[in-house]
1. At 7 Å along the Cα-to-beta-carbon direction for both ASP44 and ASP58, put a label point, then send me their distance in nm to one decimal.
2. Return P(r) of the stretch 70-124 (all Cα-Cα pairs; 10 Å bins starting at 0; whole %; ordered from short to long distances).
3. Leaving ligands, DNA and RNA out of it, report the carbon-plus-sulfur percent of the accessible area of the stretch 42-119 at a 1.4 Å probe.
4. Per residue of the stretch 37-54, in order, report the coupling 6.51 cos²θ - 1.76 cosθ + 1.60 (Karplus, θ = phi - 60°) as ³J(HN,Hα) in whole Hz, putting x for Gly and Pro.
5. Using 0.36 nm times the number of residues separating ARG104 and ARG122, minus their current alpha carbon distance, what extension gain do you get?
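The values are calculated or read from the model by the stated rules, or taken from the named source; none is laboratory data. Computed from a prediction, not measured in an experiment: that's the story for all the values here. Please note: Cβ atoms are built from the backbone with ideal geometry, for glycine as well, and neighbour counts cover all protein chains shown. Ligands, DNA and RNA are stripped out before the accessible areas are found, and what is left, the full protein with its side chains, is counted by its heavy atoms. Shrake-Rupley method; radii C 1.70, N 1.55, O 1.52, S 1.80 Å.
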Amino acid sequence: MGALVALMKPKPHTKAAVANRAGDQPWPAGADEALDEVVSIAQDRLGLTLDVHRAEGDYHFAFSVARTSLPEMLAVARDLSQRIPETWLTLGRLYVRGGTFYRRKFGNRLELVVAKNVSVPRELTARWRGEARSPEQ
């Protein structure tokens, strides 16, 4: 988003820094292993079946999940973003980086702000950490 703002509202010191840079987000070493581990934890502890669709292009991977699984996906996104902290992830209209959830300011602006009203429910956090059992167990 910062690069988009720099190009749409150019200032000499910001535009020059991003004008000739590739827009791709690098996929760090070890990210595939982190993704596989998080998917395994989601299945074992939350009972969530995730099919990982790996891709080339704008997204390195994607999940197809039901809307009813949103709380569980918040836990998945938070943990994965903590494991690869320099990588931006998207979850619907939310952006996640370093375990922190962000949203666009006022819904339409290009500025990102911390999403203060988004959190993983305590019960799911306990299950994610292995401190509690899922209802299916």
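1. Between ASP44 and ASP58, the label points sit 3.5 nm apart.
2. Calculated over all Cα pairs of the stretch 70-124, the distribution is 26, 56, 18, 1 percent.
3. Within the stretch 42-119, the accessible surface is 45 percent carbon and sulfur.
4. 5, 5, 4, 5, 5, 4, 6, 5, 9, 10, x, 9, 8, 10, 9, 7, 9, 7
5. 4.0 nm
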